[in-house]
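The structure under discussion appears below in the form of C-alpha cells.
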Amino acid sequence: MTEQRAIGQVIHYWTRLGVAGVELSDTLKMDDWVHFRGATTDFQQRVTSMQLNQRFINQAHAGQQVGILVADRVRPGDTVFLLED
C-alpha cells in the first residue's frame with residue numbers, strides 16, 4: 001500500500017497554462033508521484049515539470065513556492081500529498 005504525506009498546498013492555478021502554484025512544507029523532486037486532493041479535486045500524477053522563479057528545477061524545498069504542470073484543474077487550498085512506497 002502506498003503511503004501519503006502532506007507536503008504542500010495549492011495557492012494558485014493558471015488555467016491557460018495548466019500550472020499549479022504550490023507552497024511546499026517539505027521537499028519535492030522531479031519524477032515524484034503526488035496526489036492533489038481537495039473538496040472537488042482528487043487525482044494523482046508524476047511531477048514532470050517544476051519551476052521556481054520561472055526557471056526549471058529538479059528539486060524544491062520547504063518554504064518555496066513552485067509551479068507544477070498538472071494533468072487536471074486544481075484549486076487554491078487543495079492539499080498536495082507525496083506518494084511513498
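Here are a few things to note about the model shown:
- Single unsatisfied condition, residue 6 versus (1) in contact with a Ser or Thr (Cβ under 6 Å, 6 or more places away or on another chain); (2) open to solvent by less than 30 Å² (accessible area, probe 1.4 Å): (2)
- The stretch 28-85, subset open to solvent by 30 Å² or more (accessible area, probe 1.4 Å) and among the hydroxyl-bearing types (Ser, Thr, Tyr), residue farthest from the chain's Cα centre (by Cα): 40
The values are calculated or read from the model by the stated rules, or taken from the named source; none is laboratory data. Keep in mind it's a predicted model, so treat the numbers as computed, not measured. Using ideal geometry, Cβ is built from the backbone for each residue, glycine included, and neighbour counts are taken over all protein chains shown. Keep in mind that these areas ignore ligands, DNA and RNA; they rest on the heavy atoms of the full protein, side chains included. Shrake-Rupley method; radii C 1.70, N 1.55, O 1.52, S 1.80 Å.
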